[in-house]
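Just below is one structure, and these are the notes that go with it.
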Amino acid sequence: MPIKFDIKKADLFYGDFQALKNINLEIKDKEITAFIGPSGCGKSTLLKSLNRMNDLVEGCRITGDFRLDGQDIYKDIEITELRKRVGMVFQKPNLFPMSIYDNIAYGPRTHGIKKKAELDEIVETSLRQASIWEECKDRLKKSALGTSGGQQQRLCIARALAVKPEVILMDEPTSALDPISTIKIEELCQQIKNDYTIIIVTHNMQQATRISDKTAFFLHGEIVEFDTTEKIFSSPSQQKTLDYITGRFG
Amino acid sequence: MIITDIENKRTAELTEGVSAGRRGLHRFAEKTMGAVFFISACVSIVAVVLICAFMFIKGCPAIGEIGLSDFLLGTSWKPRDSNPSFGIFPMIVGSLYVTAGAIIVGVPIGLLTAVFMAKFCPKRLYKWLMPPINLLAGIPSIVYGFFGMIVIVPLIRNVFGGNGRGNSILTASILLGIMILPTIVGMSQSAMKAVPESYYEGALALGATHERAVCTVIIPAAKSGILASVILAVGRAIGETMAVIMIAGNQPRLPGSVLDGVRTLTANIVIEMSYATGLHYDALIATGVVLFVFILLINLLFNVITSKKER
């Protein structure tokens, strides 16, 4: 598989605090990569620098090389274009207070699609991809906030899919959900992994083993170990990784 | 063994007694304070009820005597004629005209300001811009009136000239439009600031620009708060008295254009109250009743809209 994201010598500071230290990481195309590690280890921070959401944080400074298909995401790509190519699903579902249809159509409309037929088709495909079409096809015009938490998160995934991204970043997408909704989201990730590169931050190590191909273990702003998920969870090469996955700290 | 048991029992009883006493005291204090809070709350409610009762008891008989339709729809207000007529229709129209004018002038400016203050203004600038806008709310209306007389009236007279003497619907609309700005800016911008940051981030993450996220997600999400601010502003404009009297001309007749003078309901009461007697006096109170009903309706609308937001 070709390399999708290539990160070299990345440092990130929040004011004086260094949140990421010399990160080097290659993320392969059409794979699911999991970021694990204790709270405050920098995994969400790295995730957010991949679609430049860290730009919103005051006093945030980033150095190093972030490349998407060889293009520098901080120099060569327009920020809106980057975010079109690299979608994001947040920790808490953040649907807009409008209808399901308008939520899903928000991204395509943002990128200039106006024809109703085209939008209709995108909305249906995205909802089908997120396997939530059957549940909400009769209530597309109703408020999206009337659905359950799990449904809302799947709608958020559908909304992200609607702009046809290449990469989807997921920031602890199931931490606010019940086990059944969590399983549905995990199944969904498996279904769409052939078409998308997925990077998922998770606190749930079982989740990482269930869905990811590769796992990166973060500690104090550094990547301690990055390998296939199987290797990380069966025979990690670093003592710290072993301590973490066996629950000795974190 | 037995002795220690007995001792234990005794200390247990003792501590129980103490805490029971203290609990009683607590409960008494709590009840007293509860009553104090309740009475405080009642004061304002009683005031509202008394004002309502006073207005309707004093005003309604006059309306009955004049006749409801003659009173509300009569176009001639000649309270001191030998054959007096008490039609307040010109004043109702006058109040509605200046209020509508204030909305036309004030709402667009206020909303654009609010959007800027909430989502585009750099933090350092915000510290300097917001206090003056809030100060606008604290300026006494007589001062607004002076400003209107000295600045806006001559301006309108110079620009439009002719028969208009500058004291007109247009003048009042402009001045009231300025007066309602702080209400609209303050409430709308806090409504926009109260929209969860996650909506904004969600829009950006889909590739929206800052401007698009603000216009298509944040403003729609804040629309009930924005609408509420407009309604409150309508209330303020329709109830304004002093400033309007000073610049609106106060002729009790139906205006033919925005450059004609006009008398509002509030102005009608203030101007004539000092010398009115008998039915004339009661008719002025009845004018107040009409104004009061307007305000009640506006408040009702406000409550409907804000409670919808909570659902």
Discussion item. Looking only at the stretch A:193-203, how many residues end up being under 21 Å from A:Asn94 (Cα atoms) and either surrounded by fewer than 20 Cβ atoms within 10 Å (Cβ to Cβ) or hydrophobic (A, V, I, L, M, F, W, C) (or both)?
Written reply: 5
Worksheet item: How about the stretch B:177-199: which of its residues are within 14 Å of another protein chain (Cβ to nearest Cβ) and more than 11 Å from B:Ala221 (Cα to Cα)?
Response: B:Glu197, B:Ser198
Discussion item. The conditions are (1) within 14 Å of chain B (Cβ to nearest Cβ); (2) among the charged types (D, E, K, R); (3) more than 21 Å from B:Leu204 (Cβ to Cβ), and A:Lys141 fails exactly one of them. Which is it?
Written reply: (1)
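Every residue, every condition in (1) at pLDDT 95 or above; (2) within 20 Å of A:Glu172 (Cα to Cα); (3) in contact with a Pro (Cβ under 9 Å, 6 or more places away or on another chain), yes or no:
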{"residue": "A:Asp76", "(1), (2), (3)": "no, no, no"}
{"residue": "A:Glu81", "(1), (2), (3)": "no, no, no"}
{"residue": "A:Phe90", "(1), (2), (3)": "no, yes, yes"}
{"residue": "A:Pro97", "(1), (2), (3)": "no, no, yes"}
{"residue": "A:His111", "(1), (2), (3)": "no, no, no"}
{"residue": "A:Lys115", "(1), (2), (3)": "no, no, no"}
{"residue": "A:Thr125", "(1), (2), (3)": "no, no, no"}
{"residue": "A:Arg128", "(1), (2), (3)": "no, no, no"}
{"residue": "A:Arg139", "(1), (2), (3)": "no, no, no"}
Item to complete: With the checklist (1) of a type in the set (Ser, Thr, Tyr); (2) under 30 Å from A:Ser49 (Cβ atoms); (3) surrounded by fewer than 18 Cβ atoms within 10 Å (Cβ to Cβ) in hand, flag the one item A:Thr174 doesn't pass.
Response: (3)
Worksheet item: Which residues, taken from the stretch B:204-215, are among the aliphatic types (A, V, I, L, M) and either more than 7 Å from chain A (Cβ to nearest Cβ) or touching a residue at least 60 places away in the same chain (Cβ under 8 Å) (or both)?
Response: B:Ala213, B:Val214
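Considering only the stretch A:78-85, I want to know if a residue exists there that is out of contact with any strand residue (DSSP E or B) (no Cβ under 6 Å at 6 or more places or on another chain) and over 30 Å from A:Ser39 (Cα atoms).
Yes, because at least one residue in the stretch A:78-85 is out of contact with any strand residue (DSSP E or B) (no Cβ under 6 Å at 6 or more places or on another chain) and over 30 Å from A:Ser39 (Cα atoms).
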Worksheet entry | Top-ranked residue of the stretch B:216-225 - restricted to ones that are under 25 Å from A:Thr80 (Cα atoms) and within 11 Å of another protein chain (Cβ to nearest Cβ), ranked as surrounded by the most Cβ atoms within 10 Å (Cβ to Cβ) | B:Ala222
Fill in: Which listed residue, of B:Ala205, B:Ala228, is buried (at least 20 other Cβ atoms within 10 Å of the Cβ) and within 26 Å of B:Gly138 (Cβ to Cβ)
B:Ala228
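Residues that are within 24 Å of B:Trp77 (Cβ to Cβ) and among the aromatic types (Phe, Trp, Tyr): list the helices (runs of 4 or more DSSP H) wholly contained in the stretch B:216-310 that include at least 3 such residues. Step through it out loud before you land on a result.
Details: elements: B:223-239, B:242-247, B:265-273, B:278-310.
In the stretch B:216-310, the matching helices (runs of 4 or more DSSP H) lie at B:278-310.
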Practice prompt. Give the number of residues within the stretch A:77-97 that are within 9 Å of chain B (Cβ to nearest Cβ), farther than 22 Å from A:Leu177 by Cβ, free of Cβ contacts under 8 Å to residues at least 60 places away in the same chain and of a type outside the set (S, T, N, Q).
Written response: 4
Discussion item. Could you go through the stretch B:230-252 and let me know if any residue there is within 14 Å of chain A (Cβ to nearest Cβ), of a type outside the set (Val, Ile, Thr) and in contact (Cβ under 8 Å) with a residue 40 or more places away in the chain.
Written reply: no
Fill in: Matching residues, the stretch B:199-210, being in a helix (DSSP H, G or I) and more than 31 Å from the chain's Cα centre (by Cα)
B:Glu201, B:Gly202, B:Ala203, B:Leu204, B:Ala205, B:His210
Practice prompt. Quick one: count up the residues across the stretch A:153-206 that are charged (D, E, K, R) and over 23 Å from A:Lys28 (Cβ atoms).
Written response: 4
Worksheet item: Can you tell which of A:Val163, A:Val167 is touching a His at 6+ places or on another chain (Cβ under 8 Å) and of a type in the set (A, V, I, L, M, F, W, C)?
Response: A:Val163
Fill in: Pair list, Cβ < 8 Å and 6+ apart or interchain, from the stretch A:99-119 residues that are at the interface with chain B (Cβ under 9 Å from one of its Cβ atoms) and free of Cβ contacts under 8 Å to residues at least 24 places away in the same chain to residues that are assigned to a helix (DSSP H, G or I) and surrounded by fewer than 20 Cβ atoms within 10 Å (Cβ to Cβ)
A:Arg109/A:Leu119
Discussion item. Within the stretch A:25-33, does at least one residue satisfy the condition of being out of contact with any Asp or Glu (no Cβ under 8 Å at 6 or more places or on another chain), touching a residue at least 40 places away in the same chain (Cβ under 8 Å) and either within 13 Å of another protein chain (Cβ to nearest Cβ) or of a type in the set (Ser, Thr, Tyr) (or both)?
Written reply: no
Practice prompt. From B:Tyr199, B:Tyr126, grab the single residue that is of a type in the set (Phe, Trp, Tyr), under 30 Å from A:Glu81 (Cβ atoms), free of Cβ contacts under 8 Å to residues at least 60 places away in the same chain and touching a helix residue (DSSP H, G or I) at 6+ places or on another chain (Cβ under 8 Å).
Written response: B:Tyr199
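The values are calculated or read from the model by the stated rules, or taken from the named source; none is laboratory data. Source: prediction; values computed, not measured. A quick note on method: Cβ atoms are made from the backbone with ideal geometry, for glycine too, and the neighbour counts reach across all protein chains shown.
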